[in-house]
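Step one of this worksheet: look at the structure below.
The values are calculated or read from the model by the stated rules, or taken from the named source; none is laboratory data. What you are looking at is a predicted structure, and each value in this text was computed from that prediction instead of being measured. Virtual Cβ from ideal backbone geometry, glycine too; neighbours counted across all protein chains shown. Ligands, DNA and RNA are stripped out before the accessible areas are found, and what is left, the full protein with its side chains, is counted by its heavy atoms. Shrake-Rupley method; radii C 1.70, N 1.55, O 1.52, S 1.80 Å.
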Amino acid sequence: MSSTTRPAQRPLGTAGPVTSALGLGCMGMSDMYGPADEAESIATIHTALDAGITLLDTGDFYGMGHNELLIHEALRGRDRESVQISVKFGAQRSPDGQWLGYDASPAATKTALTYTLRRLRTDHVDIYRPARLDPKVPIEETVGAIADLVKGGYVRHIGLSEVGADTLRRAAAVHPISDLQIEYSLLSRSVEAAVLPAARELGIGVTAYGVLSRGLLSGHWNQDRALTGTDFRSHSPRFQGENLAHNLALVEALRTIAAAKGASVAQVAIAWVASRGQDVVPLVGARRRERLTEALGSLDVTLTAADLGAIEAAVPAGSAAGDRYAAAQMAHLDSEH
């Protein structure tokens, strides 16, 4: 990204806030991808803010509060109103990090928000959303509870995460929904069939996570990279054996296109997601300043119709090998997508 380029802004749906055209996903600074450097994480957030990124995405279960505390530290001395903090809640975990399910009941929703406000040391969250659909609780009850928090001034906007078209419609009937956070990348395009059209019909924006498919589309991955047991990718189907070899071949095809553009693989992959519409805001999960700087460079990449055709031919929809989650985790996703 040139020194004068700053992220353009995009609205998160008709009812949501206006944010930077790129958001920073902070999960990897606390969890899921092995050890992280706290000082480097804070420096990366500072670099993002200084570059004009205003949307920070977190979850109360990322490091079980650690990520929210990290964001508080990074925002110390900054103008709180210049930043939008998006928080996911509901995931239940044991002290050893195991996943125990989801609780998005009204009482749990309000309790979780109370803890989040204390950890962030703020009086409001800009976007609050359940991390997954709780099969025990109608979505109307969860959204109704967050709507109470909106009325109380503790939450500015209501979002959703990883739900299908019918759930979107039911939720929007209770309260305006700013955005749906969902995985969307060249290797994960199932949302295009029904979910994305429904979101657009309802005026709901999309914050797209996994835009680099957890590093597969970064251009920096290789077949021999070692992973720790705490790294999500050590048991992700797309990173195993023949699946990984197949997926890395897709990356090499994309690399040829990127080279012709004078861009990196990651920059083209992010720019592709951004090209899906002005209602789509890619979240980049950079944990280090060098990776953030590379991601910001995607703002300088303009994809022509010919570029998009070449990308489609190189990485067609459905071409990825392996599910995006292991079977046990797939069971927690809304079956509509």
Open item on the list: at pLDDT 95 or above, over 30 Å from Arg276 (Cβ atoms) and open to solvent by 40 Å² or more (accessible area, probe 1.4 Å): is that true of Pro35 in this structure?
Closed with: no
Open item on the list: Criterion first (at pLDDT below 80 and not acidic (Asp, Glu)) does Arg214 satisfy it?
Closed with: yes
Task: Hits in segment 67-107 - residues which are of a type in the set (A, V, I, L, M) and either open to solvent by 10 Å² or more (accessible area, probe 1.4 Å) or part of a strand (DSSP E or B) (or both) - done: Leu69, Leu75, Ile85, Val87, Ala91, Leu100, Ala107
Open item on the list: Suppose we keep only residues that are of a type outside the set (A, V, I, L, M) and part of a loop (DSSP other than H, G, I, E, B) within segment 8-22. Which one would you say is surrounded by the fewest Cβ atoms within 10 Å (Cβ to Cβ)?
Closed with: Thr14
Open item on the list: Just checking, does segment 23-43 include any residue being assigned to a loop (DSSP other than H, G, I, E, B), in contact (Cβ under 8 Å) with a residue 40 or more places away in the chain and within 22 Å of Ile158 (Cα to Cα)?
Closed with: yes
Open item on the list: Quick check on segment 78-106: of everything there that is closer than 22 Å to Leu24 by Cβ and among the basic types (Lys, Arg), which residue is nearest to the chain's Cα centre (by Cα)?
Closed with: Lys88
- [ ] Mind listing whichever residues of segment 148-181 are open to solvent by less than 10 Å² (accessible area, probe 1.4 Å), closer than 25 Å to Arg119 by Cβ and either among the small types (Gly, Ala, Ser) or touching a residue at least 60 places away in the same chain (Cβ under 8 Å) (or both)?
- [x] Gly159, Ser161, Glu162, Ile177, Ser178, Asp179, Gln181
- [ ] Would you mention how many residues in segment 14-40 are under 30 Å from Gly203 (Cβ atoms) and within 16 Å of the chain's Cα centre (by Cα)?
- [x] 9
Task: Cβ pairs under 7 Å, 6+ apart, first in segment 80-100 and in contact (Cβ under 8 Å) with a residue 60 or more places away in the chain, second open to solvent by less than 30 Å² (accessible area, probe 1.4 Å) and assigned to a loop (DSSP other than H, G, I, E, B) - done: Gln84/Pro17; Gln84/Thr54; Ser86/Gly159; Lys88/Ala131
Open item on the list: For the list (1) farther than 28 Å from Leu49 by Cβ; (2) at pLDDT 95 or above; (3) not in a helix (DSSP H, G or I), I need the number of the one condition that Asp148 fails.
Closed with: (3)
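Residues are listed down the side, and each one gets a yes or a no for (1) polar (S, T, N, Q); (2) within 16 Å of the chain's Cα centre (by Cα); (3) over 30 Å from Asn67 (Cα atoms); (4) in a helix (DSSP H, G or I):
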{"site": "Leu248", "(1), (2), (3), (4)": "no, no, yes, yes"}
{"site": "Leu254", "(1), (2), (3), (4)": "no, no, yes, yes"}
{"site": "Ala266", "(1), (2), (3), (4)": "no, yes, no, yes"}
{"site": "Ala269", "(1), (2), (3), (4)": "no, yes, no, yes"}
{"site": "Leu283", "(1), (2), (3), (4)": "no, yes, no, no"}
{"site": "Arg287", "(1), (2), (3), (4)": "no, yes, no, no"}
{"site": "Gly297", "(1), (2), (3), (4)": "no, no, no, yes"}
